[in-house]
1. Under 11 Å from the Cβ of B:VAL14, count the other residues' Cβ atoms, weight Lys and Arg +1, Asp and Glu -1, and hand me the total.
2. So for A:SER332, A:SER159, A:SER301, fewest C-beta neighbours within 10 Å to most, what's the order?
3. Let me know the mean shielding of A:83-95 by other chains, meaning the per-residue number of their Cβ atoms within 10 Å of its Cβ.
4. Express in % the proportion of alpha carbon pairs of chain B at distances exceeding 36 Å.
5. How much length, in nm to one decimal, is gained on full extension between B:LYS41 and B:ASN142, taken as 0.36 nm per residue of separation minus their Cα-Cα distance?
6. Using alpha carbon centroids, what distance separates the stretch A:153-199 and the stretch A:206-226, in Å?
7. Taking the highest mean first, how do the peptides A:4-10, A:58-64 order by number of other beta carbon atoms within 10 angstrom per residue?
8. Under a GNM of chain A (C-alpha, springs under 10 Å), which listed residue has the highest mean-square fluctuation: A:SER108, A:SER138, A:SER280?
There are 2 protein chains.
Amino acid sequence: MSEFRQNRATKEWVIVAPGRGKRPTDFAKEFIKREPLPPHKENCPFCPGFEGQTPPAVYQIPQTGQWQLRVVPNRFAALSPDKPVIRNFTGTFLSANGYGIAEVIIESPLHNKTISNMSVDEVTNVLFAYRERQREISGNRNINLVTIFRNHGPKAGTSLEHPHSQLIATPIVPPHIRYPIEQAVLHYDKYGSCVYCDYVSEELSQQERIIIDSPRFVAFCPYAARSPFETRIYPKRHTASFVSASESEIADLACILREIILRIRIYLGDPDYNYIIRSSPIGDEDTRYLHWYMIIIPKISTPAGFEIGSGIYINTVAPEESAKCLREVKISD
Amino acid sequence: MSEFRQNRATKEWVIVAPGRGKRPTDFAKEFIKREPLPPHKENCPFCPGFEGQTPPAVYQIPQTGQWQLRVVPNRFAALSPDKPVIRNFTGTFLSANGYGIAEVIIESPLHNKTISNMSVDEVTNVLFAYRERQREISGNRNINLVTIFRNHGPKAGTSLEHPHSQLIATPIVPPHIRYPIEQAVLHYDKYGSCVYCDYVSEELSQQERIIIDSPRFVAFCPYAARSPFETRIYPKRHTASFVSASESEIADLACILREIILRIRIYLGDPDYNYIIRSSPIGDEDTRYLHWYMIIIPKISTPAGFEIGSGIYINTVAPEESAKCLREVKISD
């Protein structure tokens, strides 16, 4: 029996249609384990010794000596902060020059590290670097939106093996971001509360999709997940932007993120995935109706014509089932 | 030099960043030609002789005798029309049972046909079948949206080789469809014209992205194309729904669609692709502010964390360049 489900925050619909596709356990068999990577690779632009292949670091941990993490401008950036933002019309078509900031967070000097085999301290450093870069870039009056994301594997859009994440900061806030904000405002005006706070407490009260419930965060496969094993992590404290995450929140999030990625890795056999941190636009960090969160998407299904055409995703694994599978994974540490 | 470009109709933004990725000619080399398919394959559920593996046809050309095209309910449908549509709340989460109609258009008895090697008459039959099915289903008071699409190849979401398209009809009209409608209404109220009519005439006046300009249709790589070689076909006559396409429009569209797919096939070496026909919701067929169209998306780039997170797509081939490449393809017939 399939059903339509509506995302309470964005009003988007999905079709949850289990039984139609594979059983969740089928996904677990599908992935061929990757070849183990070497700890160091000649000519990898992100390995120590090849720092000259990237622009100089804009941020580094530790600040001096052998780096454990470095942030560099993306040498192949789609955007650049060289010229001021100018909007322009060609006939009736609107454009703006490609102003923006694109950075790469090189997460470790070791070529074979990844979130799931890092220590909690190492993941904490990664998240800390995200926050510091987002904070600094938020001071740029031309930037209105910061998107932080990690692409793991070719199906997630990267062929670079060395562990890294990215940050792209744009002057543009697109409809994809604005529409959910409009819905959040409507909700706030109607109920007097943040729709994400309400949505998280509903997930907590229904329980069955929760994977980890910690004092500061909750991780779950959302009621209206668009694809199998899609997982979200929300801070319990109402905060609109990741820039406001406290030290203790970052340390907690590091534990939870690492554990979720590890559970996905163990259950699904190291699938490609994307994760994204979504924050309010810059200047709206204190707003009462928005809430930052992380979304983790294992790339195990392919959006086809129906998804592209209608925006309705067909999810062949009920999120209750996805959550149960990930919850029951045995992890040794 | 990259730039942001806004889709005049939907207000979505893309980043056009050529030079960053490959040259358009690089795409042309990338695809390994598929193994030629046999004209008939044992146990293909869509090949003649195996009709028993699908539900009975709901539509067929010709009506009697050996079929040239048949439409059958999708045996693995994510939706079914068995029970009435009922919306339901689980706590504060909204759902509706999986009511809907899912059909497969089996486009030819020959296993090795596809749009680009069919005759124009055969493609005309395919489009004619789409329209007839959409017309019939539009009479169902529970259905509000019909999406017609074709998935070609595994990256486009199908593993079935036999030439086929799909139709999915839903009671739900999701935000993905509603938001562009809101924008079209705002445009209509401001300018007194259909935003798509205006957008097509702007493309025609700028010329450089046009691939085919025929009396009834225009095919172009749109100004704010989200991915390389994305192509759209718009009817010049203002009509909100494909159900209103006339016999002569269908015959013309068949020529143009076939030629576009053939040009893509020749230039890119038979890439996977999706195409979609987008119509107004049912009941809005006569509206003055909407316009049906076809969108054709070769699957040659992978949306990554930035695209998923921000909704801003990075297109590494300028649509002017994509259009030029497709326009210059030499076709022999």
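1. Spelling it out: positives minus negatives among the neighbours equals -2.
2. On the way: A:SER332 5, A:SER159 8, A:SER301 22.
With the sparsest Cβ surroundings first, the list reads A:SER332, A:SER159, A:SER301.
3. Mean partner shielding for this stretch: 4.
4. Across chain B, Cα pairs with separations above 36 Å total 19 percent.
5. 32.6 nm
6. If you average the Cα positions of each part, the centres end up 18 Å apart.
7. By packing density, highest mean first, the sequence is A:4-10, A:58-64.
8. A:SER138
Values quoted throughout were computed directly from the atomic coordinates according to the rules given, and no laboratory measurement underlies them. All values derive from a computational prediction rather than experimental measurement. Reconstructed Cβ throughout: ideal geometry from the backbone, glycine too, with neighbour counts over all protein chains shown.
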